[in-house]
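Peer 1: Let me begin by handing over the structure; questions about it come next.
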Amino acid sequence: MRAPPRPARSQWPAFAAIAASIISVALAIGLLLLWRQNRAAEVELARISRELRLQEQKLANENRMVQILTTPGARSSELAGTKDAPNAHALLTVDRQSGRAVFFARGLPPAPSGKAYQLWFISSGQPPAPGKVFTTDAGGNALMEDQLPANVTEPSVSRSDPRASVRCLRAHRLNVSALAPHPAAGNASC
């Protein structure tokens, strides 16, 4: 006697299990890729947020400078390059009421390694007062806001002032001058 034939096993459950495994692996890979893209997007968003904050600060600084430049009664003085830096020139604008000053410079030679420039304020009958220390960009340009020191009431240097040889701008802690009062300015703010 023959044994009755067994019913044929369906291959569908095996195929279904393989298909489910493949789908699970594909979903896991997809989730991993999405997580990595999300992480990269978060890093980029943080970078853009930092850049936005820097640009907002820069705009606020520029707005303060424009306010100083456009204040009624603000005095501007041009500074010309010395023999050490004949192409250098600068403009200093001072709001005498608030004591705030804006300084623009172009064409300054690079400061020696590890050094920077410093703005000096000179007032009649007072010793030179130090202003802010600053650096230039690759083209020798600088833009900054400063506050007049308390002992400087009217910053000026005239050609007849014996201290006129003290330059308004020096490489910090060096005796290298780059700008002096512009010769055509007579009494120039410094």
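Each value in this text was obtained by applying a stated rule to the coordinates, not by laboratory testing. Worth saying up front: this structure is predicted, and the values here are computed from it rather than measured. Reconstructed Cβ throughout: ideal geometry from the backbone, glycine too, with neighbour counts over all protein chains shown.
Let's see how each residue does on (1) surrounded by fewer than 17 Cβ atoms within 10 Å (Cβ to Cβ); (2) of a type in the set (K, R); (3) farther than 18 Å from N141 by Cβ:
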{"site": "A74", "(1), (2), (3)": "no, no, yes"}
{"site": "L79", "(1), (2), (3)": "no, no, no"}
{"site": "D84", "(1), (2), (3)": "yes, no, no"}
{"site": "A88", "(1), (2), (3)": "no, no, no"}
{"site": "L92", "(1), (2), (3)": "no, no, no"}
{"site": "L108", "(1), (2), (3)": "no, no, no"}
{"site": "S113", "(1), (2), (3)": "yes, no, yes"}
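Peer 1: Tell me the residue from E62, E78 that is among the acidic types (D, E) and not in a helix (DSSP H, G or I), please.
Peer 2: Values: E62 fails: not in a helix (DSSP H, G or I).
Testing whether each residue is among the acidic types (D, E) and not in a helix (DSSP H, G or I) leaves just E78.
Peer 1: If you check I29, I68, I48, which single one turns out to be of a type in the set (A, V, I, L, M, F, W, C) and over 25 Å from the mean Cα position of the chain (by Cα)? Working first, answer last.
Peer 2: Values: I68 fails: over 25 Å from the mean Cα position of the chain (by Cα); I48 fails: over 25 Å from the mean Cα position of the chain (by Cα).
The conditions single out I29.
Residue by residue, here is whether (1) in a strand (DSSP E or B); (2) touching an Asp or Glu at 6+ places or on another chain (Cβ under 8 Å) holds:
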| residue | (1), (2) |
| --- | --- |
| V66 | no, no |
| G73 | no, yes |
| V94 | yes, no |
| F103 | yes, yes |
| P109 | no, yes |
| P112 | no, no |
